[in-house]
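Notes follow the structure.
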Amino acid sequence: MPFFYYFAGKTIIMFNTNRNLLKFVLLSIVTLGIYGLVMMYHISKEINVAASPHDGKHTMNFLLIFFIFSWLTFGIAALIWYHRISNRIGGEVVRRGSYYQFGAEDFWLWSILGSLIIVGPYIYMHKLLKSMNIINIDYLKDRQ
């Protein structure tokens, strides 16, 4: 989770750079899914901080989508949100010069179609977490 510290009168935002699938799954099970919600909330905040100055976009808060719009639209708002954030994270990974491949096609291929083979959503989440680790590491290098 991100944390803040103060250095020379400035607030420095530190982002989590060691997210992994095993920790995500285990803590989500132990907390009955609350950890997963909190992590996606932080991911939506982190991509806004890291990418908004460059692409001029703003990703809507995940909790707003999850608790309000998703059930009103029978899940369609969540699908659109995941498509957009996957595309945005993939674009930011490329902009930062990484050779790692991630994008909206990973969401549709692994999370949606891959659910037929059960492990697909886990592969998608692994790719999402790895992409955010790449962005956060590069963001922290830029801030130093």
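Values quoted throughout were computed directly from the atomic coordinates according to the rules given, and no laboratory measurement underlies them. It should be emphasised that the depicted structure is a prediction, and the values quoted were computed from it without experimental measurement. Glycine gets a Cβ as well: all are built from the backbone with ideal geometry, and neighbour counts include every protein chain shown.
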*Excluding residues fewer than 8 places away in the same chain, name every one of the lysines whose C-alpha is closer than 29 Å to that of Lys57.*
Lys10, Lys45, Lys127, Lys130, Lys141
*For Cα extents along the principal axes in Å, which listed value, (i) 50, 32, 29; (ii) 71, 33, 25; (iii) 92, 67, 29, comes from the coordinates shown?*
(i)
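Using a 10 Å cut-off around each Cβ, can you sort Met39, Met132 from fewest to most neighbouring Cβ atoms? Walk me through the numbers before you get to the answer.
Details: Met39 22, Met132 26.
Fewest to most other Cβ atoms nearby, the residues stand as Met39, Met132.
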_Per residue of the stretch 83-91, what does 6.51 cos²θ - 1.76 cosθ + 1.60 with θ = phi - 60° give for ³J(HN,Hα)? Whole Hz please, x for Gly and Pro, Karplus curve as stated._
4, 5, 5, 5, 5, 5, 5, x, x
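To make sure I understand, if each residue's beta carbon is the centre and we count other beta carbons within 10 Å, what order do Thr59, Thr17 fall in, fewest to most? All intermediate terms of the calculation are to be shown ahead of the outcome.
Values: Thr59 19, Thr17 14.
Neighbour counts put them in this order, fewest first: Thr17, Thr59.
Could you tell me which of rounded, prolate or oblate describes the stretch 21-70, using a ≥ b ≥ c as the square roots of the eigenvalues of the alpha-carbon gyration tensor, with rounded for a/c under 1.5 and, failing that, prolate when a/b is larger than b/c and oblate otherwise?
On the way: a/c = 4.28, a/b = 1.70, b/c = 2.52.
Oblate, because a/c is 1.5 or more while a/b does not exceed b/c.
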_Taking Ile43, Ile118, Ile89, Ile137 and counting other C-beta atoms within 10 Å, the order from fewest to most_ = Ile118, Ile137, Ile43, Ile89
